[in-house]
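Derivation of every value follows stated rules applied to the coordinates shown; laboratory data play no part. In this text the structure is predicted, and so the values were computed from the model without any measurement. Cβ atoms come from the backbone with ideal geometry, glycine included; neighbour counts cover every protein chain shown.
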Amino acid sequence: MSDNRSAIVSYSADEVRKRATGVLKSSVSKRVMDPDRRSDRSDFDLNPELMPGEPFLARLRRAAVLVPIIKRSPEATILFTQRSAGLPTHAGQISFPGGKIEPQDETPLDTAYRETEEEIGIQRTNIEFLGFLDNYRTGTGYQIAPALGLVSADYTLKLDNNEVAEVFEVPLSFLMTVENHQKHERKLNGRNRRFYAMPYQDRFIWGATAGILRNMFERLYI
């Protein structure tokens with residue numbers, strides 16, 4: 001089944017656009033715990049026994065990221081950032097460009113665009129917005145709005161080296177193939193925690209980043 005699926009599924013940018021049309025949300029609220037809450041995904045999907053209660057949910061902070069799909073031919077890729085080693089949180093981890101929703105941001109999409117411009121220099125005029133995946137809640141207290149966007153293959157980078165050490169691309173076919181969605185486990189605060197990981201070459205894509213990709217797979221490729 002998986003071999004046949006890989007042979008017939010297209011991973012072009014046009015195919016992603018086609019699959020996203022009418023499926024993804026065109027907008028999401030800036031508020032935490034908005035009416036879309038029931039469809040939220042989270043770090044606790046694989047750890048339901050660790051799901052915190054209402055006090056934790058009430059303290060969630062709103063954030064947004066861009067999932068940049070690079071329009072390479074014949075197959076699209078997804079661009080990732082490697083966070084700088086000197087950051088106070090999540091140093092060295094692989095992520096998407098993004099961050100906290102600031103008061104000046106009118107919408108979560110504005111946040112995703114602004115952070116992408118600030119972190120890696122890709123301008124919003126070079127991004128074709130396709131829609132939002134499901135909100136993603138993290139164990140560190142964020143509710144993330146992931147915006148899917150197509151980016152021209154001739155994009156220009158200008159890295160903020162205080163935040164981003166480097167960027168790299170991974171073929172969409174690798175990320176959207178279920179056999180590459182590994183489940184790992186490690187001890188956190190004395191308790192075992194399970195999480196998705198998608199190791200690619202010498203990169204270890206895991207945690208919320210892998211969880212958002214898993215949601216993309218379930219929304220667009222099943």
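Of note:
- With the helix formula -39500 (n - 2.57) applied to DSSP H stretches of n ≥ 4, the chain reaches a computed 222 nm mean residue ellipticity of -6500 deg cm²/dmol.
- Counted by neighbouring Cβ atoms within 10 Å, the residues Tyr11, Tyr200 run from fewest to most as Tyr200, Tyr11.
- Expressed to the nearest 5 percent, the antiparallel share of DSSP beta bridges inside the chain is 70 percent.
- Which of Arg114, Arg219 has the fewest Cβ neighbours within 10 Å, and the rest in rising order: Arg219, Arg114
- Under a Gaussian network description of the chain, with springs only between Cα atoms under 10 Å, the residue in Ser173, Ser12, Ser73 that fluctuates furthest is Ser73.
- Using θ = phi - 60° and Karplus 6.51 cos²θ - 1.76 cosθ + 1.60, couplings along segment 133-143 (whole Hz; Gly, Pro as x): 6, 5, 3, 10, 9, 9, x, 8, x, 10, 10
- For Tyr142, the residues 5 or more places off, or on other chains, whose built amide H falls under 5 Å of its own are Arg61.
- The mean sequence separation of alpha-carbon pairs under 8 Å and at least six residues apart, normalised by the residue count of the chain, gives a relative contact order of 25 percent.
- For Thr77, the residues whose amide H sits under 5 Å from its own are Ile70, Arg72, Leu172, ignoring neighbours fewer than 5 places away on the same chain, with H placed 1.01 Å from N.
- Fluctuation leader among Glu54, Glu119, Glu106 - the chain, Gaussian network, Cα springs under 10 angstrom: Glu54
- Per-residue ³J(HN,Hα) for segment 26-31, Karplus 6.51 cos²θ - 1.76 cosθ + 1.60, θ = phi - 60°, Hz, x for Gly and Pro: 7, 7, 9, 6, 6, 6
- Taking other Cβ atoms within 10 Å as a rough exposure proxy, Leu220, Leu66 sort from fewest to most as Leu220, Leu66.
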